[in-house]
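Inspection log for the structure reproduced underneath, given as structure tokens.
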Ligand code: GLA
């Protein structure tokens, strides 16, 4: 009796909480939360703007509460939530439940009033565990970012199990998840799956090189399969370069519960009294004009906020890798520089193979870790070739892979305790190398010093290609305490960011390309510090169409490096015409990666013209709006895309024949994003001969014609391709 009396007293003593509405908005979108009478933060809406959200105050759910709660604002393991919890904690008293109740929220404008920041403060109903949800609403870009801060004010340590950055419940008739998967040299393949009940997850447990297979990003088409131009789509990505997990859980109420964040896999995180854990940001947006709207919103956000140095044109380049591999001397390099200068390229990148003396880097089997110039190959040092490159009018770039060590290296002998390994177990290598333990501050110092020392080799170094050619496995850290080994995955990634932070303080202008066996580190966590990615090691133009098509759904073209290489292609053996290779590469950040000496005069002349033509439209490629016109997955035999500048005065349109369908067939590319009321002069650029691929070359068209009727270039044979420039005329 006494007990039930107390219980009654407690219930009666609960103050009645006035329901609060929290409206977060951008120019076109709203995200609405509210509290219920028990003080729980509930989720109401994400999508098109609702100017008057007041009905959410009185909205009733017909769901019986013993069936489970309506979706909360941030789901936890506790109360009546039975879904995958966004937050799961073992509290200091052993309690496994968390029930967050609303405390307060604040909203303010940042960054020239373009960013509305909302902080919603929550607290566990029983214990002093504080959780803040920080939501940033980017007004013009119509993008939302969300991160969570978890503060332990309990009497002693707590353990975090799930600590996702976002939880987003969605209600539609049907759900079509579009995500990206692949492998080395076939990254970012687009897959669509209709979701059924249960959980579909996209994840990585590799620790690093995490985007080599799947990518921490998605597009969710509501009600119908995804279309480029029509329909409701929610899309997003996670800004994290470590293990990630994105869950899509369809429950019995037909609600799709999305949670995304750091992967809980083997990653229990201990939080001492007084400590705070901050999650990475999840980034998401909504479009009711199909997938194209998602990409354009994300690209705008990326170019304004998400990518390092977003407003600088990325230079065209010649990379030495496929042209020289490990086999070069000074003359090989200076000849390549001469050729690059002659073709009009702007940067020369010396790839792998330039370092190591006791263990020379003449293959992938030795030298990683020993970042001193190999005096046999380059007796006059880096400065000699970097200065030579500079005298020729090019910038100079260099390759490093600072997180790695070959067993055959001075470093491996000097610092065995820096190597990631499980004591007493095998130490498997991948590509003959081990991983350094970036959770260790000494290793962070070392990696910073690798970058710093390499930069000191010459004042002419302005570009660094940062590679990472293995992932983590058989994990163990000599630095972390035995009962903190599960911190490894998180502390590694944080260590990586610490190093990049330090590098950016000292080297704010250096262009950094992230490469991890190609596209293994394509994520908004790394891009916060870096200008571009090596989209893939696969340089075959046909493969590249699919890889770049996938990558640019989420990441803007300005970051996607795309190199023209030799044929037969070294990865696929495919033979494509040089024009096709250039036309594909010039829809990204154009570069070259071959031995120019092996090109004949005709091909060199063509390359010169292609590079010059690219320079005339690359501002559109890097800063324009992407409109995809024909998908390479549609099986029609064509691929087409375009970039349109913000005031719709200029555009560049690309068309490719990617499989032969019949000599009588021509494509009909209906152009998008143009102003129907403007007139445009159409010119084919990068032509192989004087002959044009389109009867309309040199003609003036109305925007309306180009939108409604489109263009029908003569692309009939395999690997025919064409690039058109459109410029407004009065
Ligand atoms: C990785 C990269 C390549 C090249 C080699 C060098 O495979 O992805 O671009 O730099 O390493 O060893």
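Hey, quick one: spin label on residue 612, modelled 7 Å out along Cα-Cβ, who in region 690-707 has an amide N within reach, i.e. under 19 Å? Residues 690-692, 698 fall inside that zone.
Residues of region 211-235 with amide nitrogen under 18 Å from the 7 Å Cα-to-Cβ point of residue 48? Of the residues in region 211-235, 221-224, 227-235 have backbone N under 18 Å from the label point off residue 48. What is the helix-to-structure angle for 381-391, meaning the angle in degrees between its Cα long axis and the longest Cα principal axis of the chain, kept from 0 to 90 and rounded to the nearest 10? Here the helix axis deviates by roughly 70 degrees.
The calculated FRET efficiency for residue 604 paired with residue 668, based on their beta-carbon distance and R0 = 51 Å, is about 0.90. Helix 601-623 and the longest principal axis of the C-alpha atoms of the chain enclose an angle of approximately 30°. In this rough spin-label picture, where each label sits 7 Å from Cα along the Cβ direction, the residue 575-residue 380 distance is 4.0 nm. Among 502-511, 148-157, sorting by the average number of other beta carbon atoms lying within 10 angstrom of each residue, highest first, gives 148-157, 502-511. Over region 596-730, the ratio between the Cα radius of gyration and 2.2 N^0.38 Å evaluates to 1.06. The length gained on full extension between residue 699 and residue 64, counted as 0.36 nm times the residue separation minus their Cα-Cα distance, comes to 222.0 nm. Taking a point 7 Å from the Cα of residue 288 along the Cα-to-Cβ direction, the residues of region 40-84 with backbone N closer than 12 Å to it are 47-51. Helix 488-506 and the longest principal axis of the C-alpha atoms of the chain enclose an angle of approximately 60°. Altogether, the Stokes-Einstein calculation at 10 °C and 1.306 mPa s, with the Kirkwood radius of region 132-192 over Cα pairs as Rh, returns a diffusion coefficient of 100 µm²/s. Packing, as the average of other Cβ atoms within 10 Å across residues, places the peptides 228-234, 566-572 in the order 228-234, 566-572, highest first. Restricting the calculation to Cα atoms, every distinct pair contributes to the Kirkwood radius of region 500-620, found to be 15.2 Å. Fully extending the segment from residue 413 to residue 229 would add 60.5 nm, taking 0.36 nm per residue of separation and subtracting the current Cα-Cα distance. Label-to-label distance, residue 192 versus residue 717, with points set 7 angstrom from Cα along the beta-carbon direction: 3.3 nm.
When the convex hull of its Cα atoms is viewed from all sides, region 415-462 shows a mean projected area of 4.6 nm². One decimal place: the segment residue 156-residue 422 gains 92.8 nm when fully extended, by the rule 0.36 nm per residue minus the C-alpha distance. Only Cα pairs under 8 Å and 6+ residues apart enter the sum, and on that basis the relative contact order of region 291-355 stands at 37 percent. What separates the Cα centres of region 536-585 and region 201-247 is a distance of 22 Å. The protection proxy used here, the mean number of other Cβ atoms lying within 10 Å of each residue, ranks peptides 215-227, 413-425, 262-274 as follows, highest first: 215-227, 262-274, 413-425. In whole angstrom, the chain maps to an equivalent ellipsoid with semi-axes of 46, 35, 20, each derived as √(5λ) from the alpha carbon gyration tensor and ordered largest first.
Shape annotation for region 461-556: C-alpha extents along the principal axes are 49, 33, 23 Å, from largest to smallest. Calculated translational diffusion coefficient of region 376-453 (4 °C, 1.567 mPa s; Stokes-Einstein with Kirkwood radius over alpha-carbon pairs) equals 87 µm²/s. Can you say what percent of the DSSP beta bridges in region 263-420, counting only those with both residues inside, are antiparallel? Round to 5. Around 10 percent of the beta bridges assigned by DSSP in region 263-420 are antiparallel ones. Think of it as helices only: each DSSP H run of n ≥ 4 in the chain is worth -39500 (n - 2.57), and spread over all residues that comes to -6000 deg cm²/dmol at 222 nm.
Throughout, read-outs are computed from the coordinates displayed, never taken from laboratory work. Worth saying up front: this structure is predicted, and the values here are computed from it rather than measured. No Cβ is skipped: glycine too gets one built from the backbone with ideal geometry, and neighbour counts run over all protein chains shown.
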